[in-house]
Amino acid sequence: MALRTIRLQGDPVLNKVCRQIPEMTSRIRTLAEDMLETMYEANGVGLAAPQVGILKRLVVIDAGDGPYIMVNPEIIETSGEQTGDEGCLSVPGKAGEVTRPNYVKAKYYDLDMNECEVTGEELLARAICHEVEHLDGHLYVEKVKGGLHDVVNEDE
Ligand code: ZN
C-alpha cells in the first residue's frame, strides 16, 4: 500500500464527473487500499477517488464501524435531517455547517463486484452523501451555511 497525494480545493480534478467502474482490476484494488491508507493517515472519515486524482466512482469511508469500500455507490433512499459541522480532506483546516439527511440507504459494489447495501445514520449518512457528491464533482463547501471556520487540530 502507498499513500497518495490528496488534491486540494481549486484543483480542477475535484470538479469533474467520475466514470463508473465496469469491472474489478488489480489497479482498482490497489487504488482502494491506497485510499484507505491515505484516509487513515489524514484522520479522515471518507475519501473519494477524485481526491487522489482518479476520476472513477470509488469511495472509502470509516465512520467508526468501517471500513467501507464502495464501488459505483448510489444513494437510493434518504430520510430525516441533521445539521452539523462538516469538513473535507481537500479543504484542510476548515469546517462549515451543512444540513444532510439523517438516514441514508446506498447500494454499491464491493471489491469482488458483489452488489451490497449499506444503511447509515448520523456521521455515516453524512459521509456517504459527502463522498458520493465528490464523484459528481461537488464539494461540501457549496452547501455550507454561514461560511467556513478554522478547525483546531488536536494532534498539534
Ligand atoms: Zn470531501
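The values are calculated or read from the model by the stated rules, or taken from the named source; none is laboratory data. Values in this document were obtained by computation on a predicted structure and should not be read as measured data. Note that each Cβ is placed from the backbone with ideal geometry, even for glycine, and that neighbours are counted across all protein chains shown. To get the accessible areas, we keep the full protein, side chains included, count just its heavy atoms, and leave off ligands, DNA and RNA. Shrake-Rupley method; radii C 1.70, N 1.55, O 1.52, S 1.80 Å.
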How high is the FRET efficiency between T25 and E142 when r is their beta carbon distance and R₀ equals 22 Å, given to the nearest 0.05? 0.10
Taking region 46-118, how much of its Cα-Cα pair set, in percent, is spaced more than 16 angstrom apart? 60
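Among the GluC sites (Glu not before Pro) in region 51-89, which ones are in a DSSP loop with at most 12 other Cβ atoms within 10 Å of the Cβ? Mind listing them?
E81
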Relative contact order [Cα under 8 Å, 6+ residues apart], region 1-113, whole percent: 26
May I have the extent of the alpha carbons of the chain along their three principal axes, as whole Å values ordered from largest to smallest? 42, 34, 28
In whole Å, what three semi-axes, largest first, describe the equivalent ellipsoid of region 87-136 built from its Cα gyration tensor (square root of 5 times each eigenvalue)? 23, 14, 8
Take the solvent-accessible surface of the protein heavy atoms, probe 1.4 Å, and return the percent of it on the chain that carbon and sulfur atoms account for. 45
The answer for the chain, accessible area per residue at 1.4 Å probe in Å², is 52
So, in the chain, how many Lys pairs have Cα atoms under 26 Å apart, if the pair is 8 or more places apart or on different chains? 15
Give the span of region 72-156's Cα atoms along each principal axis, as three whole-Å numbers ordered largest to smallest. 40, 27, 25
Can you tell me the order of 36-49, 107-120 when each peptide is scored by its average per-residue count of other Cβ atoms within 10 angstrom, highest first? 36-49, 107-120
